[in-house]
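Enquirer: Sharing a structure with you now.
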Amino acid sequence: MNKKYIARTAVAISLLAISIIFLIASTTPTVQASPPHTPKITLKPSSGSVGTSVTVTGTGFSHYQTITITYYVTPTSTKILSTIKTSSTGGFTATFIVPTSSVGNHQVTAKDGCESACAWFYVTCLFVVPEYPIGALAALGACFAALLVYKRKSLPSLHLNIHI
């Protein structure tokens with residue numbers, strides 16, 4: 001055999017091997033990372049009095065994770081309102097009752113082991129206003145009477161004139 005023939009054959013085999021390697025590498029499926037989660041929660045309603053029922057809807061969390069929903073009663077004091085598992089799509093819906101807290105904004109957070117999201121609930125007043133006007137007047141009257149009893153220490157000496 002000729003040395004030139006052997007060298008040409010070796011080069012051809014090497015080029016063929018390199019072509020096969022590139023062909024295999026280009027057809028091998030690559031694993032792509034899933035897009036990053038962007039957790040988000042919404043509150044409905046986003047304002048109301050103490051005792052209001054609020055629905056929390058969460059999206060963008062990891063699937064099948066335990067979520068802890070927390071309410072900031074004060075900036076340094078929290079209350080765990082609920083724990084719930086996310087669905088296969090990373091979503092959840094939960095309901096909580098607004099706990100006793102001051103008038104103003106209160107942060108509500110939803111956290112799993114790694115991710116969290118927050119929204120704000122605005123407390124408008126400290127007591128639940130009944131749906132019916134007569135009930136609202138009764139609640140207001142009870143608060144007023146309690147205040148007067150506290151201030152006067154006795155109710156019999158109190159004279160009220162109510163005009164409607």
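Enquirer: Please go through the range 32-84 and pick out each residue that is over 19 Å from Thr95 (Cβ atoms), surrounded by 15 or more Cβ atoms within 10 Å (Cβ to Cβ) and among the hydroxyl-bearing types (Ser, Thr, Tyr).
Expert: Hit for the range 32-84 is Ser62, nothing else.
Enquirer: OK, next. Which of the residues belonging to the range 97-126 are modelled with pLDDT under 95 and touching a Cys at 6+ places or on another chain (Cβ under 7 Å)?
Expert: Val103
Enquirer: Restricting attention to strands (runs of 3 or more DSSP E) lying wholly within the range 46-112, give those where 2 or more residues are aromatic (Phe, Trp, Tyr). Explain how you work it out, then say what you get.
Expert: On the way: elements: 53-59, 66-74, 77-85, 92-97, 104-111.
It comes to 66-74, 92-97.
The values are calculated or read from the model by the stated rules, or taken from the named source; none is laboratory data. In this text the structure is predicted, and so the values were computed from the model without any measurement. We place every Cβ from the backbone using ideal geometry, glycine too, and count neighbours over all the protein chains shown.
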